[in-house]
Every structure is written in structure tokens, then in C-alpha cells.
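Note sheet for the following structure.
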Amino acid sequence: MTPSPPPARKQVLLRLDPAVYEALARWAGDELRSANAQIEFLLRRALAESGRLPGGAGPIPRRGRPPKPPEGEAGTTADG
């Protein structure tokens, strides 16, 4: 059985002062995140600190390469 795809993420338009965006982009770069990921990280942290983060909010999706499967799982060999 194939796993179901993750739910779609909500897209929003955000207007920022250019200087604020530049500072945010630099900060994101320092932490190896995109500006979008940095905004989500900061919003989640603020929600959690204020006790307003919904219990059903999933973790921030990991970006980049998926993790390697543990050795011995089917489909992990070069000849397989």
C-alpha cells in the first residue's frame, strides 16, 4: 500500500518592509534556512511561547534529501 501524500501547505502573501526582509534573509542564511522557513520557525516559536500553537500542528517539514533507509531494507543495494 502506498503512503498517502502529506496535506498541502497553506500559501499566504506577506508584505514586509524591505529592510526587515533583508535582516530576516541574513538571519535565515546564518541558520541555513530559507527566508520562508525562517518565518515559519519564528511564528511557531512565538505561538508555542504564548501557548497558542495548535496541538494538531505537525512538525516543520524537513527540506533537502530524504534520509537514507537503514541497511538491509529492500531496494537499497546497487544490484537490486
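The values are calculated or read from the model by the stated rules, or taken from the named source; none is laboratory data. Just so we're clear, the structure is a prediction, and the values are computed from it rather than from any experiment. Ligands, DNA and RNA are excluded from the accessible area calculation, which covers all protein heavy atoms including side chains. Shrake-Rupley method; radii C 1.70, N 1.55, O 1.52, S 1.80 Å.
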Exercise. For semi-axes √(5λ) of the Cα gyration tensor in Å, the choices are (1) 33, 18, 13; (2) 19, 12, 11; (3) 19, 16, 12; which was calculated from the structure?
Worked result: (1)
Exercise. So how tilted is helix 35-49 from the main axis of the chain? Cα-based, degrees 0 to 90, rounded to 10.
Worked result: 80 degrees
Exercise. Over the chain, what percent of the accessible surface lies on carbon and sulfur atoms, probe 1.4 Å?
Worked result: 57 percent
Seminar exercise, completed: Rounded to whole Å², per residue accessible area for the chain with a 1.4 Å probe reads 94 Å²
